[in-house]
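Step one of this worksheet: look at the structure below.
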Amino acid sequence: KADMHLHSLYSDGTAGVRALLDHIEEQTDLDVIAITDHERIDGALRAREIHASGSYSFELVVGEEVTTRRGHVLALFLSERVPALRPLPETIERIHRQGGLAIAAHPLAPLTPSLGRRSLLALHAEEDPARRLDAIELLNPSAAGRARRAARERLNDEILRLPAVGNSDAHVLEGVGTAWTLFPGTNADGYRDALAAGATQPGGSYWSN
């Protein structure tokens, strides 16, 4: 069970990274998480240091929510920050060069920068696999994520056929783990393998944060 879209005080979240890790350990049943602050990974790197020195039962992935010229993209399994406000295909290629995964965050949402239908279709038609998305966030219980949920599900079912994930997009501790991705396995490698195989299933409790 994974929640790969979490924010901390390093961007617009309300909790420090240690408090976030402790909450996940004590209050959730998550197996894998990613900290994905806006336009930075220093919080995620600090969280990785704390995680490595503790006895946490879940795995942590370094991520970033990147603002492209077309909207937000989740970048997972990063070793360095991906610059903001670059063209969408270039951003995805930069993520893949690091061995990372690129996921459309709350696509079609009108309330926050998000990939629209035209951008998603252009990526679907992209010949270079290095410039294609690895997955799409279909379930996101935030105000932005709830908007146009049916439309994004229909677009993915009928045309895109990308692996589907759910994430909480939590900015407060109470939101962590309120949406998730189920996958075979219990670690970060299993999550990556499940996306490659299209073996993920989004779920959530639809709590609004």
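Key figures for this structure:
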{"read-out": "Cα gyration tensor shape of the range 20-67, rounded if a/c is under 1.5, else prolate or oblate by comparing a/b with b/c", "value": "prolate"}
{"read-out": "Estimated [θ] at 222 nm from DSSP helical runs (n ≥ 4, -39500 (n - 2.57)) normalised by residues in the chain, nearest 500", "value": "-8500 deg cm²/dmol"}
{"read-out": "Euclidean distance between Cα centres, the range 82-128 to the range 149-171, Å", "value": "14 Å"}
{"read-out": "Net charge contributed by nearby residues that have their C-beta within less than 14 Å of Thr67 (K/R +1, D/E -1)", "value": "0"}
{"read-out": "The chain: antiparallel DSSP beta bridges as a percent of all, rounded to 5", "value": "50 percent"}
{"read-out": "Local electrostatic count, Ile41, Cβ distance below 12 Å [Lys/Arg +1, Asp/Glu -1]", "value": "-2"}
{"read-out": "In the range 135-172, the trypsin sites (Lys or Arg not before Pro) that fall in loop regions by DSSP, at most 12 other Cβ within 10 Å", "value": "Arg161"}
{"read-out": "Rounded to whole Hz, the Karplus (6.51, -1.76, 1.60) HN-Hα couplings of the range 165-179, x for glycine and proline", "value": "10, x, 9, 7, 6, 6, 10, 10, 4, 5, x, 4, x, 7, 9"}
{"read-out": "Cα gyration tensor category, rounded, prolate or oblate, for the range 142-206 with a/c compared to 1.5", "value": "oblate"}
{"read-out": "Given charges at Cβ of Lys, Arg, Asp, Glu: the range 1-100 dipole, positive-most of His72, Leu9, Ser55", "value": "His72"}
{"read-out": "Charged-residue dipole, Cβ positions (Lys, Arg, Asp, Glu), the chain about Cα centre, Debye nearest 20", "value": "780 debye"}
{"read-out": "Prolate/oblate/rounded call for the range 64-209, Cα gyration tensor, a/c under 1.5 rounded", "value": "rounded"}
{"read-out": "Estimated dipole of the range 57-133 in Debye, rounded to 20 [Cβ of Lys and Arg +1, of Asp and Glu -1, Cα centre]", "value": "300 debye"}
{"read-out": "Between the range 36-80 and the range 1-34, the Cα center-to-center distance that results, in Å", "value": "10 Å"}
{"read-out": "Fluctuation leader among Ala19, Ala109, Ala197 - the chain, Gaussian network, Cα springs under 10 angstrom", "value": "Ala197"}
{"read-out": "The chain: DSSP helices with Cα axial extent of at least 20 Å and average Kyte-Doolittle hydropathy no lower than -0.5", "value": "none"}
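The numbers here are math on the coordinates, done by the rules we state, and not lab data. Please read these numbers as outputs of a predicted model, since none were measured by experiment. Cβ: placed from backbone, ideal geometry, glycine included. Neighbour counts: every protein chain shown.
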